[in-house]
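*Asks:* Before anything else, here's the structure in question.
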Amino acid sequence: PPSIFFRFVFRAAKSHAAKLQPDLPSHVYEEKMTVLKLIILALILSFARAKRIDLELQSKLTQRRIEDAGEYFEYDLSSFSIRFEKCQFVKAYDDEFAEDAEYDSVLALKHFIVYKLCPTDECQSCDGVHGEYVVDIDDYLAGVVEVEQEQFENMCENCNEKCNNDGEYCSGCGKICYNWENLENNGYVDASNYIECQKLNLDNDDDGDEETFVGPMCDSEKGIVIGLFSDENCWEPISDVDVEEVIGYKLSYHVLSSVMKEQNGDQTCLSCLEGNDNEDDEDEVNEICEDIYAASAKCESPYGLENGLVNENREDGDYENQVENEFMSCTFIDSLKWNSYTETGEINVYDEQDEIIGKVSTFQAVALSGLTVVILGLASSAVYLHHKLGKIPTLAGMSNIGENRIV
């Protein structure tokens, strides 16, 4: 992760500078260290931008290739489900910010979603074969919200017959649906209405100069929440104002439940299996999973996923750029998971990194065991040969033996 590299280089340079110039005044020393830190940070941001552009290019090429394939999705992900893992802000160089004098910085706040494709019957644990992916928040929410809304509407259609007009004697899903149909009357509004960045028309905006926008944002404790921003791209969050006070309603996150972190550790999983209502589609993978998968940078090989893009195209030579750069995708995903960035998207220089413990797969365990046996066998053979060679007489010894026989 970039923060580890940053700390290593900065501490090494700081130690070296202290040895070369130990008598520098403290304020001069701190100024030099600040300049050094900015130079190193600029180098890292340049590398991060190049890597981000490469990942975006890979995703676009994959999406174009899948769209050209028509109605048939060539990767069988029907037995998998999407599991939300993390939403992370990352500050990165942006051309629009650099060209516009209204912005104070050239760094834009990007929103990334890390998710997994897990076997549907093991989605909660997801500690076996799976894939890890990163995608832009807009692409992810567009697909997920559509699925959630469709599932919720289907549930309510089946439950409406069990409730009367007053909502009395309703139980289970019927009560949920009744409350949902009366959100505004109860002082609530659907949070999924704000998954796209949009301007708020405030009645109490007296000066008219400052505009307020609302859209999705990352929250380390809750996952994805709706927040306020000061720009039209929702890149500059407003943290000191409560969004519910501004819009005048409480937010209902029922449709966004799959991107909310549960307190008990469970997570809502969205199946990729095609429903029975789409007879025109020739494959068994629903369109939402196809779109999100196509837009994502992929890390599949380390986790044993064999029926995804990377493994299917490794031997054929297709998607060469994305297959060969899978390591970069995995590294970037790990940097998002390992606490390499703060909640505001800055490179995390000071806090300790989260540790992710890797598990040895069955194949790896068997391979390591076989390799150990081979090494022990070679070592035993070497000892045996050394012992045998030690009993063979040297040339000098053989001539002594000959002399003794002649005598």
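The values are calculated or read from the model by the stated rules, or taken from the named source; none is laboratory data. Note that the structure is predicted; figures quoted are calculated from it, not measured. Heads up: the accessible areas ignore ligands, DNA and RNA and are worked out on the full protein's heavy atoms, side chains in. Shrake-Rupley method; radii C 1.70, N 1.55, O 1.52, S 1.80 Å.
*Asks:* Once phi is turned into θ = phi - 60°, what whole-Hz ³J(HN,Hα) does the Karplus curve with 6.51, -1.76 and 1.60 give for every residue of segment 247-257, x standing for Gly and Pro?
*Replies:* 7, x, 9, 7, 9, 9, 9, 4, 5, 9, 4
*Asks:* Could you list which residues have their amide H under 5 Å from that of VAL285, counting only those 5 or more apart in sequence or on another chain, with H placed in the peptide plane?
*Replies:* Counting only residues 5 or more places away or on other chains, the set is GLU274.
*Asks:* Here is a follow-up. Per residue of segment 176-183, what does 6.51 cos²θ - 1.76 cosθ + 1.60 with θ = phi - 60° give for ³J(HN,Hα)? Whole Hz please, x for Gly and Pro, Karplus curve as stated.
*Replies:* Using θ = phi - 60°, the values come out as 4, 5, 5, 5, 5, 5, 10, 4 Hz.
*Asks:* Using θ = phi - 60° and the Karplus form 6.51 cos²θ - 1.76 cosθ + 1.60, what ³J(HN,Hα) does each residue of segment 152-160 get, whole Hz, x for Gly and Pro?
*Replies:* The phi angles translate into 5, 5, 5, 5, 5, 4, 6, 9, 4 Hz.
*Asks:* Here is a further query. As a test question: what accessible area, to the nearest 10 Å², does LEU371 have when a 1.4 Å probe is rolled over all protein chains in place?
*Replies:* Accessible area, nearest 10 Å²: 100 Å².
*Asks:* Also: Within the set LYS91/LYS261; LYS116/LYS199; LYS175/LYS261; LYS110/LYS250; LYS250/LYS298, which residue pairs have Cα atoms separated by over 30 Å?
*Replies:* In this structure, LYS116/LYS199; LYS250/LYS298 exceed 30 Å between Cα atoms.
*Asks:* How would THR120, THR362, THR331 rank on accessible area, largest to smallest, probe 1.4 Å?
*Replies:* Numbers: THR120 65, THR362 110, THR331 45 Å².
Reading off the accessible areas and sorting them downward yields THR362, THR120, THR331.
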